[in-house]
Amino acid sequence: MTTSMPATPRLPKAAAPISRTVADARARYDSGATRPLAARVRSLHALRAMLTENEPAFEAALWSDLHKSPAEAQVTEIGVTIAEINHTLRHLRRWARPRRGPVPLALLPGRARLVPEPLGVVLVMSAWNYPVQVLLNPLAGVLAAGNTAVLKPSELAPATSALVARLVPRYFPDGAVGVVEGGVPETTELLREHFDHIVFTGSGTVGRIVMRAAAENLTPVTLELGGKSPVWIDDDAGLRAAARRLAWAKFTNAGQTCVAPDYVMTTPDRVPALVDALRDAIEDLWGTDPRASERYGRIVNERQFDRLVGLLDGVEVVAGGEHDRGERYVAPTVVTVPGGGRGDAARPVVGPDAAVPVLREEIFGPILPIVPVASAEEAVRVINGWDKPLALYVFTSSARTRRLFEQRTSSGAVVHDAALVHVAVPGLPFGGVGASGMGAYHGAYSLRTFSHLKPVLSKPLRPDTLRLVQPPFAERGLRLTRALMRSGR
Ligand code: NAD
């Protein structure tokens, strides 16, 4: 009897140990090769080529991870990242140039410059909901500033994570960008390494873990977090147009967007018309059966699906509401909250102690509660009753009401008469405030975030004007110096 040798299983190529990936990025940074402007431009070209030469692969990965249609993938992931790269390429020479700094009269003659220098090795940790954009958009800024990077894609978008891990070594063979895949154990190990900056996109809970780990090495962090982004709908002029923009912003990517409108406030008499307009808008955008639409997304996993279904407790579903665990489908759903969410007068409308689950936490899914409030001032009180949100959307034709929200609330951004689109403006900083995050990036703000603005002061030895502030002090000289120093010029 002959026994045949069992076939050797084909194992995937083993990933480099985490410490090696970080060490490679460090060695590349230390070589100085990523600092010159020409090298930064080359890196940005490589990043753009990685996207443009593999568009079908990125579209397929996003479909597999999130049922994201190719059109939506183009608009919200690939296109917006390419736009960021192009914008950066267009302006980088100017942004990277040293700037003159002012020298006070008392220190003349002298020359002051502000020289942007890279920070070193930057860790970019991303969320799963926009797994291309929130990973590669910060990377563009990191590379533009002359750093090297280690990417940690989200394990919850596994197809995109695997694609990035496969492509990065091809487009960055010099080791300037490394990839570490994995979940909590890998992230925990990664966070023990020393980085010069960490940019993290995700929840406040993990944001705290990241910040704690960063503190061990005094590493600065940029935290791109989430929260409950409110909407105020004021007058019903333009209600249909507003509802369409709102429905699009809320239900794109099945509501799994950090800046998605989380809850809508309006006065009680406007609720029925708003519900009707939202129903029509949903039908316009995704048809009568969104489940059958190629353009409507799915919930990322069963855990998130179960959490979302739990949020339907205690509310009245006025549109949608259908859900199917097997498909991880939750219909675009509009709900109303009995009594505007006020169980008793002392209870906050929004926040961990709110009366219904849907108002207690960031929804991060396709459920839109409408909360009737008495007035715009009352809406301001609701917003100020809890954490500062990542975005605030105000639909009104009144300049006074706009000012009310701009001046009396605090949020990462305010958008009037639209939602979501501020993220696609590379000239605006993107980031939160308070619990919705710290630091910002995009365009020139990425350069600022991922560089150190180093003051360089040159004070010629002759004439030696510093003698004026050195002992022994001559009475006349001292008087002159005192006057010059206090002049503030
Ligand atoms: P998350 O914070 O749950 O996870 C982010 C990553 O952290 C995970 O991929 C995982 O690798 C790692 N992680 C999880 N638990 C960890 C632990 N105990 N120790 C170490 N690492 C750990 O976030 P998420 O579910 O990927 O994303 C959802 C959140 O992200 C939402 O709150 C959303 O608003 C926010 N978000 C913000 C932005 C933004 O730009 N501001 C963009 C997208 C998403």
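The values are calculated or read from the model by the stated rules, or taken from the named source; none is laboratory data. Source: prediction; values computed, not measured. Note that each Cβ is placed from the backbone with ideal geometry, even for glycine, and that neighbours are counted across all protein chains shown. Accessible surface areas use protein heavy atoms only, side chains included; no ligands, DNA or RNA. Shrake-Rupley method; radii C 1.70, N 1.55, O 1.52, S 1.80 Å.
Quick notes on this one:
- Region 52-109, residues that are without any contact (Cβ under 8 Å) to a residue 12 or more places away in the chain and touching a His at 6+ places or on another chain (Cβ under 9 Å): none
- Residue check for VAL334: modelled with pLDDT of 95 or more, part of a strand (DSSP E or B) and touching a Gly at 6+ places or on another chain (Cβ under 8 Å): yes
- When region 140-157 is filtered for residues that are out of contact with any helix residue (DSSP H, G or I) (no Cβ under 7 Å at 6 or more places or on another chain) and within 9 Å of the ligand (Cβ to nearest atom), only LEU156 remains.
- Entirely in region 170-280, the helices (runs of 4 or more DSSP H) that have 1 or more residues that are of a type in the set (Ser, Thr, Tyr) and either touching a helix residue (DSSP H, G or I) at 6+ places or on another chain (Cβ under 8 Å) or modelled with pLDDT of 95 or more (or both): 184-191, 204-216
- Residue among ALA71, ALA49, ALA25, ALA38 that alone is surrounded by 15 or more Cβ atoms within 10 Å (Cβ to Cβ) and of a type in the set (A, V, I, L, M): ALA25
- Among residues of region 434-456, those that are in contact with a Gly (Cβ under 9 Å, 6 or more places away or on another chain) and part of a strand (DSSP E or B), counted: 6
- Taken over region 457-489, the criterion of being part of a helix (DSSP H, G or I) and open to solvent by less than 100 Å² (accessible area, probe 1.4 Å) is satisfied by THR465, LEU466, LEU468, VAL469, GLY477, LEU478, LEU480, THR481, ALA483, LEU484.
- Taking region 381-409 as the range and being farther than 23 Å from GLY204 by Cα and hydrophobic (A, V, I, L, M, F, W, C) as the test, the residues that pass are VAL394, PHE395, ALA399, LEU404, PHE405.
- Unique match (being part of a loop (DSSP other than H, G, I, E, B), crowded, with 19+ Cβ neighbours inside 10 Å and among the basic types (Lys, Arg)) among ARG298, ARG347: ARG298
- Any hit, region 84-103, residues being within 20 Å of TYR445 (Cα to Cα), within 16 Å of the ligand (Cβ to nearest atom) and open to solvent by less than 50 Å² (accessible area, probe 1.4 Å): yes
- When ASN137 is tested against (1) under 27 Å from PRO429 (Cα atoms); (2) open to solvent by less than 10 Å² (accessible area, probe 1.4 Å); (3) away from the ligand (no atom under 12 Å from the Cβ), only condition (3) is not met.
- Search result, residues across region 109-134 that are closer than 19 Å to ASP196 by Cβ, of a type outside the set (A, V, I, L, M, F, W, C) and away from the ligand (no atom under 12 Å from the Cβ): PRO116, GLU117, PRO118, GLY120
- The set of residues in region 169-191 that are near the ligand (Cβ under 9 Å from one of its atoms) and open to solvent by 60 Å² or more (accessible area, probe 1.4 Å) comprises VAL184, PRO185, GLU186, THR188.
- Taken over region 386-444, the residue count meeting the criterion of being within 16 Å of the ligand (Cβ to nearest atom), open to solvent by 50 Å² or more (accessible area, probe 1.4 Å) and under 14 Å from TRP232 (Cα atoms) is 1.
- Taken over region 290-336, residues that are free of Cβ contacts under 8 Å to residues at least 12 places away in the same chain and within 21 Å of ALA73 (Cα to Cα) amount to 2.
- Members of region 213-228 found to be more than 10 Å from the ligand (Cβ to nearest atom) and open to solvent by 20 Å² or more (accessible area, probe 1.4 Å), listed by number: ALA215, GLU216, ASN217, LEU218, PRO220, VAL221
- Among the residues listed as ARG166, ARG208, the single one being within 10 Å of the ligand (Cβ to nearest atom) and among the basic types (Lys, Arg): ARG208
- Here is the figure for region 370-396: residues that are touching a helix residue (DSSP H, G or I) at 6+ places or on another chain (Cβ under 7 Å), in a loop (DSSP other than H, G, I, E, B) and at pLDDT below 95 total 1.
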